[in-house]
1. What are the ³J(HN,Hα) couplings of the range 48-61, residue after residue, when phi is run through the Karplus curve with 6.51, -1.76, 1.60 and θ = phi - 60°? Round to Hz, x for glycine and proline.
2. Which residues' amide hydrogens lie under 5 Å from the amide hydrogen of Val79, considering only partners 5 or more residues apart or on another chain, with H built in the peptide plane?
3. For a label point 7 Å from the Cα of Arg32 along Cα→C-beta, name the residues of the range 41-62 whose backbone N is under 12 Å from it.
4. What does the highest-first list of 63-73, 80-90 look like by mean Cβ count within 10 Å?
5. Give me the distance in nm between label points sitting 7 Å out from Cα along the Cα-to-Cβ direction at Ala94 and Thr24, one decimal.
6. With θ set to phi - 60°, apply the Karplus curve 6.51 cos²θ - 1.76 cosθ + 1.60 along the range 84-91 and write out the HN-Hα couplings as whole Hz, x wherever there is a Gly or Pro.
Amino acid sequence: MCQKAIGEPLGCDPSASEFDSHLTPQKRAIRRKHYKRIKSQALKRLKGRNNRYLSDEELEKHAAFLTRTRKPCSCIMCVNARKAFGKLTRQEVAAKLKEKEGIGELTE
């Protein structure tokens, strides 16, 4: 980032980007490493399912898709139970219970 010292003109390094200043090379490397690791796990799972009808290119493409999105589809088995069945999370149940108890104390 470009910073101006007192009494000095603003001198910026053209190679330094203000947008990528928070992304150090180590963070990018770690992110790439995890992406490759998760993709190889997805590829193992796909090959383990005996997908004999898919070519290697299609398996790679599908493994990349599964790496980017952890939920492969929106069927009842894969989707979040809250979205499918309207179940509340534990946090929401506790908040509603506290709300009921709080309202009961105010009215008595």
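Coordinate-derived values only; no laboratory data. In this text, all values refer to a predicted model and were calculated from it rather than measured experimentally. Note that each Cβ is placed from the backbone with ideal geometry, even for glycine, and that neighbours are counted across all protein chains shown.
1. x, 7, 6, 7, 6, 8, 9, 7, 5, 5, 5, 5, 4, 5
2. For Val79, whose amide H was placed from the backbone, there are no distant partners under 5 Å.
3. none
4. Put in order of decreasing packing, that is 63-73, 80-90.
5. It works out to 3.4 nm between the two label points.
6. 7, 10, x, 5, 8, 6, 4, 5
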